[in-house]
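**Student:** Below: one structure in structure tokens.
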Amino acid sequence: MNESKITVEPYSVDRAVPETEPEFRQEDMLLNVGPSHPAMHGIIRILTKLQGELVVDSEVEVGYLHRAFEKSCEDCTWTQAQIYTDRLNYVSPCINNVGYCMAVEKLLDLTLPPRGQYIRTMLCEISRLADHLTCVGAAAMELGGFTPFLYMMIGREYCYELIEDYCGARVTTNCARVGGMPFDLREGWLDKVPWMIGKVRKIIKECDILLTYNRIFVDRTKGIGAISAERALAYGFTGPVLRACGVPYDVRKDHPYLVYNELDWSVPVGHNGDVLDRYLVRMEEMEQSCRMLEQLVKKIPNGPVSCDDKRVVLPDKKDTYGNIEGLMNHFKLIMYGHGIRVPEGEVYFSVEAGNGELGFYVVSRPDENSTDGCNDRPWRVRCRPPCFSFTAALPEMINGYMLPDVIPTFGSINMIGGELDR
């Protein structure tokens, strides 16, 4: 029997080493951040192009809700369209309500009584507090600061309790009406405002200690997501994100409405346009809102809260149920096909929302079948959402930074899906 022989060469450690190191091929990686990522808030997809952890390019995709806010408003009466405004920035819905109502009132050439204007201003500033508390708290949580988030949610709860005590709702408030307010303040409501301010100020101070002087928080936000004032203006930035770049534009100062020009307050601005400055601007704006609320409580006058115009304002319940004239007026304003009759025209009106300039461009065309030349529903409703321009500029704010920097940058612009979605 022949046996096959296998020759095995011994391994030698003295083998020759190549003179040049082998070249490793580095490929770019495409990574989807969102929409299911918790920090993307459920409706944003950022397609990032990475070299390691460096974001070299990115593209933002928006519009996962597809609720057609504007077209829905055009299919409703002037009054019915208002409930859709609650669903824009649902963290501070009172500001949305007031902005839409004031746009329609501009078409109707109506001016509210002083008390009604004071109530609107108070509700707007309480909503601004809730909006900034939510933004700062959520941004801190996404960086690992869970304690500030819990504190600020408690502060937001104090704000929501006041709003609920006025209109009976916390989120979908529907707190204003075209031509005025649905009702006057409840007894004791004004006494709760200073109490709320004290609680919120204490929370802001605690979170200021936890975050502003925290080395980890500062290192994660300082110099991150920066954008220049020129680029911010070119994109159409407004609100805290623009003011963090050093531009002191605020609708309440530059185009005063309600009673803001009667109050003593200032516009905080930053210098670097980065995530840290956006945080600091919002923290100071909350203090300014508290200052305004203190003045509003002291200066609010007595009197009616709505216009004395039966074309737009519902009669009191005692008149609706007590006499035929009130019942007929109520019926005509509520029923589809009647409602508020708005003359032909087009206007643009803006308010300072939590994220910046929230504007409504409203067009009324005459109804062919009407005898008064008015229409019971808008022909066009266009909303200018403040966070749309921020999201459009997001690639410019995250390109060249590391992947972990995407989270604080996105959190600092306070994207709200209902407001952003087209």
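**Student:** What ranking of H132, H66, H271, H37 emerges when the number of other C-beta atoms within 10 Å of each C-beta is taken as an exposure proxy, fewest first? Don't jump to the answer; show the numbers that get you there.
**Tutor:** Working: H132 28, H66 8, H271 11, H37 16.
In order of increasing Cβ crowding within 10 Å: H66, H271, H37, H132.
**Student:** From the alpha carbon gyration tensor of the chain, can you work out the equivalent ellipsoid semi-axes (sqrt of 5 times each eigenvalue) and give them in Å, largest to smallest? Please report the intermediate quantities before stating the final value.
**Tutor:** Working: eigenvalues 552, 136, 70 Å².
One finds semi-axes of 53, 26, 19 Å for the chain.
**Student:** Within the set of other residues whose C-beta is less than 15 Å from the C-beta of P378, count the net charge using Lys and Arg as +1 and Asp and Glu as -1.
**Tutor:** Numbers: positive: K71, K106, R341, R365, R377, R380, R382; negative: E70, E74, D75, E105, E344, E346, D367, D376.
Around P378, the charge tally is -1.
**Student:** Let me check against my output: what whole-number percent is the relative contact order of the chain, with C-alpha pairs under 8 Å and at least 6 apart?
**Tutor:** Details: 767 pairs, mean separation 98.1, N = 422.
The value is 23 percent.
**Student:** If you find the alpha carbon centre of segment 314-346 and of segment 146-178, how far apart are they in angstrom?
**Tutor:** For segment 314-346 versus segment 146-178, the Cα centre distance is 30 Å.
**Student:** Continuing with this model, one more query. Can you tally the net charge around E59? Count Lys and Arg as +1, Asp and Glu as -1, for every other residue whose Cβ sits under 15 Å from the Cβ of E59. Intermediate values should be presented prior to the final figure.
**Tutor:** On the way: positive: R45, K49; negative: D28, D57, E61, E396.
Cβ neighbours under 15 Å give a net charge of -2.
**Student:** Moving on to the next point. Once phi is turned into ³J(HN,Hα) by the Karplus curve 6.51 cos²θ - 1.76 cosθ + 1.60 with θ = phi - 60°, what whole-Hz value does each residue of segment 291-298 show in order, with x for glycine and proline?
**Tutor:** Calculated HN-Hα couplings, in order: 4, 5, 4, 4, 5, 5, 4, 6 Hz.
**Student:** Output the pairs from K199/K222; K253/K310; K205/K298; K71/K332; K199/K298; K71/K253 with a Cα-Cα distance over 22 Å in this structure; if there are none, say none. Present the calculation step by step, with values, prior to reporting the outcome.
**Tutor:** Values: K199/K222 29 Å; K253/K310 33 Å; K205/K298 24 Å; K71/K332 24 Å; K199/K298 19 Å; K71/K253 32 Å.
Pairs exceeding the cut-off: K199/K222; K253/K310; K205/K298; K71/K332; K71/K253.
**Student:** Tally Lys/Arg at +1 and Asp/Glu at -1 over every other residue whose Cβ is under 11 Å from the Cβ of R87; what's the total?
**Tutor:** Working: positive: R67; negative: D86, E419, D421.
So the surrounding residues net to -2.
**Student:** Once you keep just the Cα pairs under 8 angstrom separated by 6 or more residues, what percentage relative contact order results for segment 288-382? Provide the component values of the computation, followed by the final result.
**Tutor:** Values: 113 pairs, mean separation 17.7, N = 95.
Across segment 288-382, relative contact order equals 19 percent.
**Student:** Here is a further query. Which cross-chain or sequence-distant (5 or more) residues have an amide H under 5 Å from the amide H of C76, H modelled 1.01 Å from N in plane?
**Tutor:** Sorted by chain and number, the residues that satisfy this come to none at all.
**Student:** Same structure again: List the chymotrypsin sites (Phe, Trp or Tyr not before Pro) within segment 161-227 that fall in a DSSP loop (any state other than H, G, I, E or B) and whose Cβ has at most 10 other Cβ atoms within 10 Å.
**Tutor:** Numbers: sites: Y166, F183, W189, W195, Y213, F217; in loops: F183, Y213.
Passing sites in segment 161-227 are Y213.
**Student:** For S127, S36, S364, what ranking results if the residue with the fewest other Cβ atoms within 10 Å of its Cβ goes first?
**Tutor:** Numbers: S127 28, S36 9, S364 23.
Lowest to highest Cβ neighbour count: S36, S364, S127.
**Student:** Next question, about the same structure. How far is the Cα center of segment 237-292 from the Cα center of segment 205-233, in Å?
**Tutor:** So the separation of the two Cα centres works out to 16 Å.
**Student:** Okay, next question. Mind sorting L210, L30, L394 by how few other Cβ atoms lie within 10 Å of their own Cβ, fewest first?
**Tutor:** Lowest to highest Cβ neighbour count: L30, L210, L394.
**Student:** Which GluC sites (Glu not before Pro) from segment 322-422 combine a DSSP loop assignment with at most 16 other Cβ atoms within 10 Å? Don't jump to the answer; show the numbers that get you there.
**Tutor:** Values: sites: E325, E344, E346, E352, E357, E368, E396, E419; in loops: E344, E368.
The qualifying sites are E344, E368.
**Student:** Enumerate the calculated ³J(HN,Hα) couplings along segment 141-148 in order (Karplus 6.51 cos²θ - 1.76 cosθ + 1.60, θ = phi - 60°), each rounded to whole Hz, writing x wherever the residue is Gly or Pro.
**Tutor:** For segment 141-148, the Karplus-derived couplings read 4, 5, 9, x, x, 6, 5, x Hz, x marking Gly and Pro.
**Student:** Next up: Go ahead and estimate [θ] at 222 nm for the chain from helices alone: -39,500 (n - 2.57) per DSSP H run with n ≥ 4, summed, over the residue count, rounded to 500.
**Tutor:** Details: 17 runs with 184 residues, N = 422.
Counting only the DSSP helices, I get -13000 deg cm²/dmol.
**Student:** Taking the alpha-carbon centroid of each part, what is the distance from segment 68-131 to segment 371-422 in angstrom?
**Tutor:** What the calculation gives is 18 Å, centre to centre.
**Student:** Check S58: other-chain or 5+ apart residues with amide H under 5 Å from its amide H, H built from backbone geometry?
**Tutor:** Close amide H contacts, sequence-distant or interchain: K49.
**Student:** Relative contact order, percent, of segment 223-350 when contacts are C-alpha pairs under 8 Å separated by at least 6 residues?
**Tutor:** 19
Rule-based calculations on the coordinates, nothing more; no lab input. Keep in mind that what you see is a predicted model, and the values were worked out from it rather than measured. Glycine also receives a Cβ, built like all others from the backbone with ideal geometry; neighbour counts cover every protein chain displayed.
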